[in-house]
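Below is one structure, written out as structure tokens, with a few remarks after it.
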Amino acid sequence: MSRSTTTLPTRRSSAVSALVAGCLLAGCAGYAAYGPGNLKRGQPEADVRARMGEPTVQSRQPDGGTRLDYGRGPFGKHTWRVELDAAGRVQRIDQLLTERNFEALPPRIEAAEVLNRLGPPSERRGGWRGLGEVWSYRFEDWFSPCRWFQVWLVDGRVREAGYNTDPLCEEPRLRD
């Protein structure tokens, strides 16, 4: 997949590093409030729903299990996926919006597979010069809370994908 038009991650000042370190030491209580918390493998679906509420997307799997996707955070910067077996017990919990998952997208995959791997995008808009559609996934990494991964779909397949700065972070009134 072409990443030639991407903006690569950049390291921020030591002030940002200090802020991240402080958040880690403090336990980032706000982050855990909408994440899976202490949910574990084997717990029933009722525990998941009591902790996380109604999912953003729910889908049945061929093996009889269920996938529950929870878009979280400001502007959908985190998407948690909880996979349940056919008996309704937690089998797996994953954060979908990670650089590892973005980099694993193979070239030319279909839009349905992008949704399967990353969940619903934060934003959808028309593609370059009206060709196709661009799906944008806002996410946070250790160096910047203002990143997004964009997937350009043409004829229902990934044509190009890459990283960029979230334009909302360029708005002075939203940055502060």
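The values are calculated or read from the model by the stated rules, or taken from the named source; none is laboratory data. Given the structure is predicted, the values throughout are model-derived calculations rather than measurements. Ideal geometry is used to build each Cβ from the backbone, glycine not excepted, and the neighbour counts take in all protein chains shown.
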note = Filter the stretch 60-101 for residues that are modelled with pLDDT under 95 and of a type in the set (Ser, Thr, Tyr); the one that is nearest to Leu39 (Cα to Cα) is Tyr70
query = Could you count how many residues in the stretch 133-173 are among the basic types (Lys, Arg) and under 15 Å from the mean Cα position of the chain (by Cα)?
reply = 2
task = Output the number of residues of the stretch 69-94 satisfying the condition of being buried (at least 16 other Cβ atoms within 10 Å of the Cβ) and closer than 16 Å to Phe149 by Cβ.
result = 6
query = Can you find even one residue in the stretch 98-121 that is farther than 12 Å from Val158 by Cβ, among the basic types (Lys, Arg) and surrounded by 15 or more Cβ atoms within 10 Å (Cβ to Cβ)?
reply = no
In the stretch 121-176, the residues that are in a strand (DSSP E or B) and among the small types (Gly, Ala, Ser) = Gly126, Ser136, Ala161, Gly162
message = Any residue at all in the stretch 104-120 that's in contact with a helix residue (DSSP H, G or I) (Cβ under 9 Å, 6 or more places away or on another chain), part of a loop (DSSP other than H, G, I, E, B), farther than 27 Å from Met52 by Cβ and of a type outside the set (Phe, Trp, Tyr)?
response = yes
